[in-house]
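A.B. asks: Got a structure for you, questions after.
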Amino acid sequence: EKGEQLLPEYFEGTENRELFLAWRDSPGMEMVRHSLDVNLGEHLDSLMTRALPPLNARELEIAFDDCLRRLEEQRLRRLKAIEEVLISEAESEGDEEEVRALLEKALAPSAQLRQLFLARKQERKGA
């Protein structure tokens, strides 16, 4: 199922992450609703009543894949921003060993972002 490709890290907002986890760990939407507190139930209701454009199965799949890609991109950008703050703090403290370690760790999100952009560019050429 496509929903299995989603990660909790994609949901920056606490309410959305909690709803995602409840959905992922539940056998059905009715069980999700019963497991929620009042505030989360209201948030779920507001999400469920949003009007979505009518899409056929192929358009829905394309929209989901695009959404998944954007969520991954946002997650990687957040990771990169956190690493940049940590690097800046380590530099200000003069901890060269920590700076080197953080710079190496920061390469992964940058490389993954580059891969996402290259994949998107290839898709646009093929379209």
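The values are calculated or read from the model by the stated rules, or taken from the named source; none is laboratory data. Just so you know, these numbers come straight off a predicted model, no measurement behind them. When we count neighbours, we look across all protein chains shown, and the Cβ atoms used for this are built from the backbone with ideal geometry, even at glycine. Ligands, DNA and RNA are stripped out before the accessible areas are found, and what is left, the full protein with its side chains, is counted by its heavy atoms. Shrake-Rupley method; radii C 1.70, N 1.55, O 1.52, S 1.80 Å.
A.B. asks: If the chain were replaced by its equivalent ellipsoid, with semi-axes equal to the square roots of 5 times the Cα gyration tensor eigenvalues, what would those be, largest first, whole Å?
C.D. replies: Details: eigenvalues 233, 107, 24 Å².
Semi-axes from the Cα gyration tensor: 34, 23, 11 Å.
A.B. asks: Along the charge dipole of the chain, pointing to its positive end and built from +1/-1 on Cβ of Lys, Arg, Asp and Glu, which listed residue (His34, Ser92, Thr49) has its Cα farthest out?
C.D. replies: Of the candidates, Thr49 comes out farthest on the positive side.
A.B. asks: To continue, here is another question. With a 1.4 Å probe and every protein chain left in place, work out the accessible area per residue of segment 31-121 in Å², rounded to a whole number.
C.D. replies: 74
A.B. asks: Which residue fluctuates the most in the chain, going by a Gaussian network model with Cα springs under 10 Å, if the choices are Pro53, Pro109, Pro27?
C.D. replies: The residue with the greatest mean-square fluctuation here is Pro53.
A.B. asks: Which percent of the accessible heavy-atom area of the chain goes to carbon and sulfur, probe 1.4 angstrom? Mind showing how you got there, number by number?
C.D. replies: Details: 5130 of 9520 Å².
Result for the chain: 54 percent of the exposed heavy-atom area is carbon or sulfur.
A.B. asks: Using Cα pairs under 8 angstrom and six or more residues apart, how large is the relative contact order of the chain, in percent? Please list the in-between numbers first.
C.D. replies: Working: 52 pairs, mean separation 26.6, N = 127.
Relative contact order here is 21 percent.
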